[in-house]
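The values are calculated or read from the model by the stated rules, or taken from the named source; none is laboratory data. A quick note: this is a predicted structure, and the numbers were derived from the prediction, not measured. Positions of Cβ are generated from backbone atoms using ideal geometry, with glycine treated the same way; all protein chains shown enter the neighbour counts.
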Amino acid sequence: MSDWFEHRVARALRADVALGGDERARRRVMDRVRRAAAEGHPVRRRSEPWLRRSRNSIVGLSLAAGIGGLSTLSAVVPDARREVAGLSSVVIGDSVVSTLHDTLRLVRLMFDAPDARRVAVAGDFNRWDVDATPLARDSRSHRWSVTLAVRSGDHRYAFVVDGTRWVPDPRAGRSVRGDDGRIYSLLSVSRTAN
Amino acid sequence: MSDMSDRDIIQRVLEGDVESFSHLVDRHYARCARVALRILGNREDAEEAIQDAFLRAYNALGDYEDRERFSAWLTRILVNQCRTVLARTKRRDALFADLDLQRLAFISSMESDDAVWPELEHVLDRLPAEQREAIVLKYADDLTYEEMSRITGAGESALKMRVQRAFARLRALLQEVHSV
(Lines give C-alpha, C1' and ligand atoms only; values in the text may rest on other atoms or scores of the structure.)
Protein backbone atom coordinates (compact mmCIF):
# COMPACT_ATOMS: atom_id res chain seq x y z
CA MET A 1 0.00 0.00 0.00
CA SER A 2 1.58 3.26 -1.04
CA ASP A 3 2.21 6.22 1.24
CA TRP A 4 0.69 8.35 -1.51
CA PHE A 5 -2.59 6.47 -1.26
CA GLU A 6 -2.75 6.70 2.53
CA HIS A 7 -1.87 10.37 2.40
CA ARG A 8 -4.62 11.11 -0.10
CA VAL A 9 -7.23 9.16 1.86
CA ALA A 10 -6.25 10.97 5.05
CA ARG A 11 -6.39 14.34 3.29
CA ALA A 12 -9.82 13.59 1.89
CA LEU A 13 -11.13 12.43 5.26
CA ARG A 14 -9.87 15.60 6.93
CA ALA A 15 -11.66 17.83 4.42
CA ASP A 16 -14.62 19.67 5.95
CA VAL A 17 -18.15 18.86 4.92
CA ALA A 18 -21.27 21.00 5.10
CA LEU A 19 -24.48 19.65 6.55
CA GLY A 20 -27.56 21.48 5.39
CA GLY A 21 -26.01 24.86 6.11
CA ASP A 22 -23.82 24.60 9.13
CA GLU A 23 -25.07 27.79 10.73
CA ARG A 24 -28.69 26.64 10.63
CA ALA A 25 -27.66 23.22 11.85
CA ARG A 26 -25.78 24.72 14.79
CA ARG A 27 -28.81 26.85 15.57
CA ARG A 28 -30.97 23.74 15.67
CA VAL A 29 -28.55 22.18 18.13
CA MET A 30 -28.81 25.17 20.43
CA ASP A 31 -32.60 25.20 20.17
CA ARG A 32 -32.65 21.69 21.56
CA VAL A 33 -30.09 22.52 24.22
CA ARG A 34 -32.15 25.51 25.41
CA ARG A 35 -35.23 23.33 25.66
CA ALA A 36 -33.24 20.83 27.71
CA ALA A 37 -31.87 23.62 29.89
CA ALA A 38 -35.38 24.78 30.68
CA GLU A 39 -35.92 21.43 32.35
CA GLY A 40 -32.74 21.58 34.40
CA HIS A 41 -29.08 22.47 34.23
CA PRO A 42 -26.34 19.87 34.25
CA VAL A 43 -24.43 19.66 37.50
CA ARG A 44 -20.90 18.61 38.07
CA ARG A 45 -20.81 15.16 39.57
CA ARG A 46 -17.05 14.82 39.89
CA SER A 47 -14.68 16.72 42.11
CA GLU A 48 -13.54 20.14 41.01
CA PRO A 49 -10.09 20.23 39.40
CA TRP A 50 -8.65 22.35 42.16
CA LEU A 51 -9.89 19.77 44.61
CA ARG A 52 -8.39 16.90 42.69
CA ARG A 53 -5.07 18.63 43.08
CA SER A 54 -5.48 18.67 46.84
CA ARG A 55 -3.19 16.20 48.49
CA ASN A 56 -5.00 15.86 51.78
CA SER A 57 -8.30 14.09 51.97
CA ILE A 58 -10.53 13.92 54.96
CA VAL A 59 -10.30 10.15 54.80
CA GLY A 60 -6.56 10.36 55.17
CA LEU A 61 -6.95 12.69 58.10
CA SER A 62 -9.48 10.39 59.69
CA LEU A 63 -7.10 7.49 59.44
CA ALA A 64 -4.27 9.57 60.80
CA ALA A 65 -6.43 10.44 63.75
CA GLY A 66 -7.32 6.83 64.35
CA ILE A 67 -10.99 7.41 63.67
CA GLY A 68 -12.85 5.16 61.23
CA GLY A 69 -14.21 6.03 57.88
CA LEU A 70 -16.44 9.02 57.54
CA SER A 71 -19.41 7.09 56.37
CA THR A 72 -19.82 5.39 59.73
CA LEU A 73 -19.56 8.46 61.87
CA SER A 74 -23.19 9.42 61.76
CA ALA A 75 -23.97 5.97 63.10
CA VAL A 76 -21.37 6.31 65.82
CA VAL A 77 -22.84 9.64 66.90
CA PRO A 78 -26.47 9.41 65.90
CA ASP A 79 -27.86 12.04 68.20
CA ALA A 80 -26.95 15.69 67.91
CA ARG A 81 -27.74 16.27 71.56
CA ARG A 82 -24.95 13.93 72.58
CA GLU A 83 -22.59 16.16 70.68
CA VAL A 84 -23.93 19.24 72.39
CA ALA A 85 -23.28 17.54 75.66
CA GLY A 86 -19.62 17.21 74.76
CA LEU A 87 -17.14 19.14 76.81
CA SER A 88 -16.20 21.58 74.13
CA SER A 89 -18.56 22.32 71.38
CA VAL A 90 -19.36 25.27 69.19
CA VAL A 91 -22.54 26.00 67.36
CA ILE A 92 -22.49 27.25 63.81
CA GLY A 93 -26.04 28.22 63.01
CA ASP A 94 -27.87 25.07 63.94
CA SER A 95 -24.79 23.03 63.17
CA VAL A 96 -23.01 21.61 66.13
CA VAL A 97 -19.30 21.02 66.31
CA SER A 98 -17.82 18.83 69.00
CA THR A 99 -14.22 18.30 69.77
CA LEU A 100 -13.19 14.82 68.75
CA HIS A 101 -9.51 15.18 68.19
CA ASP A 102 -6.95 17.93 67.87
CA THR A 103 -7.56 18.12 64.14
CA LEU A 104 -11.01 16.61 63.67
CA ARG A 105 -14.40 17.83 64.75
CA LEU A 106 -17.81 16.30 64.48
CA VAL A 107 -20.21 18.54 62.65
CA ARG A 108 -23.92 18.04 62.36
CA LEU A 109 -25.59 19.66 59.40
CA MET A 110 -29.33 20.09 59.15
CA PHE A 111 -31.49 21.10 56.27
CA ASP A 112 -35.22 21.65 55.90
CA ALA A 113 -36.57 20.39 52.59
CA PRO A 114 -39.89 18.62 53.26
CA ASP A 115 -40.56 17.96 49.58
CA ALA A 116 -37.13 16.62 48.71
CA ARG A 117 -36.75 12.95 47.87
CA ARG A 118 -33.08 12.93 48.78
CA VAL A 119 -30.56 15.38 50.08
CA ALA A 120 -26.80 15.03 50.19
CA VAL A 121 -24.00 17.31 51.19
CA ALA A 122 -21.07 17.89 48.87
CA GLY A 123 -18.04 19.75 50.06
CA ASP A 124 -14.30 19.78 50.15
CA PHE A 125 -14.46 17.26 53.00
CA ASN A 126 -15.88 14.59 50.69
CA ARG A 127 -14.25 15.71 47.44
CA TRP A 128 -17.54 17.14 46.20
CA ASP A 129 -18.99 13.72 45.68
CA VAL A 130 -22.76 14.24 45.53
CA ASP A 131 -23.40 10.59 46.37
CA ALA A 132 -20.92 10.12 49.21
CA THR A 133 -22.75 11.82 52.09
CA PRO A 134 -26.52 11.55 52.04
CA LEU A 135 -28.54 13.20 54.77
CA ALA A 136 -31.08 11.17 56.73
CA ARG A 137 -34.64 12.39 57.01
CA ASP A 138 -36.41 12.55 60.35
CA SER A 139 -39.85 11.07 59.82
CA ARG A 140 -41.54 13.45 62.27
CA SER A 141 -39.85 16.78 61.66
CA HIS A 142 -39.00 16.04 58.02
CA ARG A 143 -35.66 17.63 58.73
CA TRP A 144 -32.65 16.21 56.96
CA SER A 145 -29.40 15.82 58.87
CA VAL A 146 -25.99 14.22 58.87
CA THR A 147 -22.99 14.14 61.15
CA LEU A 148 -19.54 14.56 59.69
CA ALA A 149 -15.97 14.58 60.92
CA VAL A 150 -14.06 17.48 59.49
CA ARG A 151 -10.66 18.88 60.14
CA SER A 152 -10.16 22.34 61.48
CA GLY A 153 -10.18 25.17 59.01
CA ASP A 154 -12.60 26.64 56.53
CA HIS A 155 -14.67 24.23 54.47
CA ARG A 156 -16.91 24.90 51.50
CA TYR A 157 -20.02 22.89 51.00
CA ALA A 158 -23.56 22.93 49.67
CA PHE A 159 -26.58 20.69 49.85
CA VAL A 160 -27.57 18.79 46.73
CA VAL A 161 -31.29 18.25 46.53
CA ASP A 162 -32.61 15.34 44.47
CA GLY A 163 -29.22 14.95 42.84
CA THR A 164 -29.44 18.07 40.76
CA ARG A 165 -30.13 21.24 42.74
CA TRP A 166 -27.25 22.82 44.63
CA VAL A 167 -28.42 24.86 47.60
CA PRO A 168 -26.24 26.77 50.07
CA ASP A 169 -26.89 25.99 53.74
CA PRO A 170 -29.42 28.58 54.96
CA ARG A 171 -28.08 28.11 58.47
CA ALA A 172 -24.50 28.84 57.59
CA GLY A 173 -23.26 32.18 58.78
CA ARG A 174 -21.06 32.79 55.79
CA SER A 175 -20.90 31.92 52.16
CA VAL A 176 -18.31 32.32 49.44
CA ARG A 177 -18.34 32.28 45.67
CA GLY A 178 -16.31 29.34 44.42
CA ASP A 179 -13.95 29.31 41.47
CA ASP A 180 -16.79 27.79 39.50
CA GLY A 181 -19.08 30.74 40.28
CA ARG A 182 -21.42 28.87 42.59
CA ILE A 183 -22.28 30.12 46.05
CA TYR A 184 -20.97 27.76 48.72
CA SER A 185 -21.61 27.83 52.40
CA LEU A 186 -18.58 28.26 54.57
CA LEU A 187 -18.06 26.11 57.62
CA SER A 188 -15.34 27.41 59.89
CA VAL A 189 -14.04 24.89 62.35
CA SER A 190 -11.55 26.16 64.84
CA ARG A 191 -8.70 24.04 66.09
CA THR A 192 -9.63 24.80 69.67
CA ALA A 193 -13.33 24.74 70.33
CA ASN A 194 -14.95 27.91 71.57
CA MET B 1 -14.80 33.77 24.04
CA SER B 2 -12.76 32.43 21.14
CA ASP B 3 -9.63 32.42 23.25
CA MET B 4 -11.32 30.58 26.12
CA SER B 5 -10.45 26.95 26.60
CA ASP B 6 -13.12 24.28 26.31
CA ARG B 7 -12.73 23.76 30.03
CA ASP B 8 -13.47 27.43 30.79
CA ILE B 9 -16.54 27.36 28.56
CA ILE B 10 -17.78 24.18 30.22
CA GLN B 11 -17.35 25.86 33.58
CA ARG B 12 -19.57 28.71 32.45
CA VAL B 13 -22.23 26.32 31.21
CA LEU B 14 -22.18 24.45 34.51
CA GLU B 15 -22.69 27.76 36.28
CA GLY B 16 -25.94 28.11 34.37
CA ASP B 17 -24.82 30.09 31.30
CA VAL B 18 -26.55 27.94 28.68
CA GLU B 19 -25.64 30.26 25.81
CA SER B 20 -21.95 29.57 26.35
CA PHE B 21 -22.61 26.07 25.11
CA SER B 22 -23.04 27.56 21.63
CA HIS B 23 -19.30 28.26 21.59
CA LEU B 24 -18.63 24.57 22.04
CA VAL B 25 -21.08 23.84 19.24
CA ASP B 26 -19.39 26.38 16.95
CA ARG B 27 -15.96 25.06 17.80
CA HIS B 28 -16.67 21.36 17.35
CA TYR B 29 -19.51 21.16 14.84
CA ALA B 30 -17.36 20.93 11.70
CA ARG B 31 -15.26 18.15 13.20
CA CYS B 32 -18.38 16.27 14.26
CA ALA B 33 -19.78 16.70 10.76
CA ARG B 34 -16.65 15.15 9.24
CA VAL B 35 -16.89 12.17 11.54
CA ALA B 36 -20.64 11.60 11.44
CA LEU B 37 -21.06 12.00 7.71
CA ARG B 38 -18.26 9.58 6.97
CA ILE B 39 -19.47 7.01 9.44
CA LEU B 40 -23.11 7.26 8.37
CA GLY B 41 -22.77 8.24 4.71
CA ASN B 42 -25.97 10.25 4.85
CA ARG B 43 -26.37 13.93 5.62
CA GLU B 44 -29.74 13.73 7.34
CA ASP B 45 -28.62 10.91 9.57
CA ALA B 46 -25.36 12.69 10.29
CA GLU B 47 -27.12 15.86 11.37
CA GLU B 48 -29.49 13.89 13.56
CA ALA B 49 -26.60 12.08 15.21
CA ILE B 50 -24.72 15.33 15.79
CA GLN B 51 -27.74 17.05 17.30
CA ASP B 52 -28.36 14.12 19.61
CA ALA B 53 -24.68 13.98 20.53
CA PHE B 54 -24.50 17.66 21.47
CA LEU B 55 -27.70 17.36 23.46
CA ARG B 56 -26.39 14.33 25.31
CA ALA B 57 -23.10 16.11 25.89
CA TYR B 58 -24.95 19.07 27.39
CA ASN B 59 -27.01 16.88 29.69
CA ALA B 60 -23.94 14.91 30.76
CA LEU B 61 -21.61 17.88 31.05
CA GLY B 62 -21.46 17.42 34.81
CA ASP B 63 -19.77 14.07 34.22
CA TYR B 64 -17.06 15.44 31.96
CA GLU B 65 -13.61 15.36 33.51
CA ASP B 66 -10.86 17.47 32.05
CA ARG B 67 -8.34 14.65 32.19
CA GLU B 68 -9.78 13.76 28.79
CA ARG B 69 -9.85 16.17 25.86
CA PHE B 70 -13.37 17.52 25.47
CA SER B 71 -13.19 16.78 21.75
CA ALA B 72 -12.45 13.10 22.41
CA TRP B 73 -15.22 12.93 25.02
CA LEU B 74 -17.66 14.47 22.57
CA THR B 75 -16.54 12.10 19.82
CA ARG B 76 -17.24 9.15 22.08
CA ILE B 77 -20.81 10.35 22.50
CA LEU B 78 -21.08 11.05 18.78
CA VAL B 79 -19.83 7.60 17.78
CA ASN B 80 -22.39 6.01 20.06
CA GLN B 81 -25.09 8.10 18.43
CA CYS B 82 -23.84 7.11 14.98
CA ARG B 83 -23.97 3.46 15.98
CA THR B 84 -27.53 3.93 17.18
CA VAL B 85 -28.53 5.61 13.94
CA LEU B 86 -26.78 2.94 11.88
CA ALA B 87 -28.53 0.17 13.71
CA ARG B 88 -31.88 1.85 13.23
CA THR B 89 -31.74 2.93 9.64
CA LYS B 90 -29.40 0.44 8.01
CA ARG B 91 -28.86 3.12 5.41
CA ARG B 92 -25.71 1.46 4.28
CA ASP B 93 -27.50 -1.10 2.18
CA ALA B 94 -29.75 1.52 0.63
CA LEU B 95 -26.82 3.71 -0.30
CA PHE B 96 -24.94 0.81 -1.75
CA ALA B 97 -27.87 0.12 -4.04
CA ASP B 98 -27.81 3.75 -5.20
CA LEU B 99 -24.15 3.80 -5.98
CA ASP B 100 -23.50 4.92 -9.54
CA LEU B 101 -19.90 4.00 -10.16
CA GLN B 102 -19.76 5.36 -13.69
CA ARG B 103 -21.01 8.75 -12.56
CA LEU B 104 -18.53 8.79 -9.71
CA ALA B 105 -15.65 7.97 -11.99
CA PHE B 106 -16.68 10.85 -14.22
CA ILE B 107 -16.87 13.30 -11.32
CA SER B 108 -13.49 12.12 -10.17
CA SER B 109 -11.89 12.78 -13.52
CA MET B 110 -13.14 16.38 -13.41
CA GLU B 111 -11.91 17.00 -9.86
CA SER B 112 -8.66 18.90 -9.48
CA ASP B 113 -8.51 19.31 -5.70
CA ASP B 114 -7.42 16.01 -4.27
CA ALA B 115 -8.88 16.93 -0.86
CA VAL B 116 -12.27 16.32 -2.46
CA TRP B 117 -12.64 12.72 -3.46
CA PRO B 118 -16.26 11.83 -4.21
CA GLU B 119 -15.62 8.14 -4.84
CA LEU B 120 -13.98 7.83 -1.47
CA GLU B 121 -17.03 9.27 0.26
CA HIS B 122 -19.15 6.61 -1.39
CA VAL B 123 -16.89 3.59 -1.13
CA LEU B 124 -16.36 4.34 2.57
CA ASP B 125 -19.89 3.14 2.93
CA ARG B 126 -18.89 -0.25 1.64
CA LEU B 127 -16.35 -0.84 4.38
CA PRO B 128 -17.35 -3.02 7.30
CA ALA B 129 -18.69 -0.70 10.01
CA GLU B 130 -15.76 -1.32 12.37
CA GLN B 131 -13.16 -0.52 9.71
CA ARG B 132 -15.01 2.58 8.58
CA GLU B 133 -15.32 3.83 12.12
CA ALA B 134 -11.63 3.22 12.81
CA ILE B 135 -10.30 4.99 9.73
CA VAL B 136 -12.67 7.93 10.19
CA LEU B 137 -11.71 8.42 13.83
CA LYS B 138 -8.03 8.15 12.96
CA TYR B 139 -8.01 10.60 10.09
CA ALA B 140 -11.22 12.67 10.10
CA ASP B 141 -10.84 13.33 13.81
CA ASP B 142 -7.06 13.00 14.21
CA LEU B 143 -7.37 10.88 17.31
CA THR B 144 -4.59 8.83 18.80
CA TYR B 145 -5.03 5.08 18.99
CA GLU B 146 -5.26 5.41 22.75
CA GLU B 147 -8.17 7.85 22.43
CA MET B 148 -9.78 5.64 19.80
CA SER B 149 -9.51 2.71 22.15
CA ARG B 150 -11.35 4.60 24.89
CA ILE B 151 -14.04 5.64 22.43
CA THR B 152 -14.64 2.31 20.74
CA GLY B 153 -13.76 -0.10 23.51
CA ALA B 154 -11.45 -1.99 21.14
CA GLY B 155 -7.75 -2.57 21.82
CA GLU B 156 -5.15 -0.38 20.14
CA SER B 157 -3.62 -3.23 18.14
CA ALA B 158 -7.07 -4.27 16.90
CA LEU B 159 -7.73 -0.68 15.84
CA LYS B 160 -4.44 -0.46 13.96
CA MET B 161 -5.37 -3.66 12.17
CA ARG B 162 -8.79 -2.26 11.28
CA VAL B 163 -7.21 0.88 9.82
CA GLN B 164 -4.77 -1.16 7.74
CA ARG B 165 -7.55 -3.39 6.48
CA ALA B 166 -9.67 -0.34 5.72
CA PHE B 167 -6.89 1.07 3.54
CA ALA B 168 -6.55 -2.24 1.71
CA ARG B 169 -10.28 -2.49 1.16
CA LEU B 170 -10.58 1.13 0.03
CA ARG B 171 -7.78 0.64 -2.44
CA ALA B 172 -9.55 -2.37 -3.94
CA LEU B 173 -12.90 -0.58 -4.05
CA LEU B 174 -11.46 2.52 -5.68
CA GLN B 175 -9.70 0.46 -8.32
CA GLU B 176 -13.08 -1.12 -8.98
CA VAL B 177 -14.55 2.36 -9.51
CA HIS B 178 -11.85 3.38 -11.97
CA SER B 179 -12.10 0.16 -13.92
CA VAL B 180 -15.80 0.81 -14.68
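The set of residues from the range A:173-188 being in contact (Cβ under 8 Å) with a residue 60 or more places away in the chain and over 14 Å from A:Asp124 (Cβ atoms) comprises just one member, A:Gly173. Consider B:Arg69 carefully, then state whether it is of a type outside the set (Ser, Thr, Tyr), farther than 20 Å from B:Arg150 by Cα and either assigned by TED's automatic domain parsing to the domain that holds B:Glu147 or over 13 Å from the mean Cα position of the chain (by Cα) (or both). In short, no. When the residues of the range A:127-171 are filtered to those that are small (Gly, Ala, Ser) and assigned to a strand (DSSP E or B), the one that is farthest from A:Phe111 (Cα to Cα) is A:Gly153. For residues in the range B:10-25 being free of Cβ contacts under 8 Å to residues at least 60 places away in the same chain and among the aliphatic types (A, V, I, L, M), which is farthest from the other protein chains (Cβ to nearest Cβ)? Looking at residues that are free of Cβ contacts under 8 Å to residues at least 60 places away in the same chain and among the aliphatic types (A, V, I, L, M), I get B:Leu24.
Being touching a residue at least 40 places away in the same chain (Cβ under 8 Å) and more than 7 Å from chain A (Cβ to nearest Cβ) is the filter; apply it to the range B:26-41 and report the residue that is farthest from B:Phe54 (Cα to Cα). That would be B:Gly41.
Test B:Leu61 against the criterion of being under 22 Å from the mean Cα position of the chain (by Cα) and modelled with pLDDT of 50 or more, and give yes or no. So B:Leu61 passes the test. Here the helices (runs of 4 or more DSSP H) wholly within the range B:1-79 that include at least 3 residues being surrounded by fewer than 18 Cβ atoms within 10 Å (Cβ to Cβ) are B:21-40, B:43-59. For the range A:161-185, a tally of residues being surrounded by 16 or more Cβ atoms within 10 Å (Cβ to Cβ), among the charged types (D, E, K, R) and more than 10 Å from every other protein chain (Cβ to nearest Cβ) returns 1.
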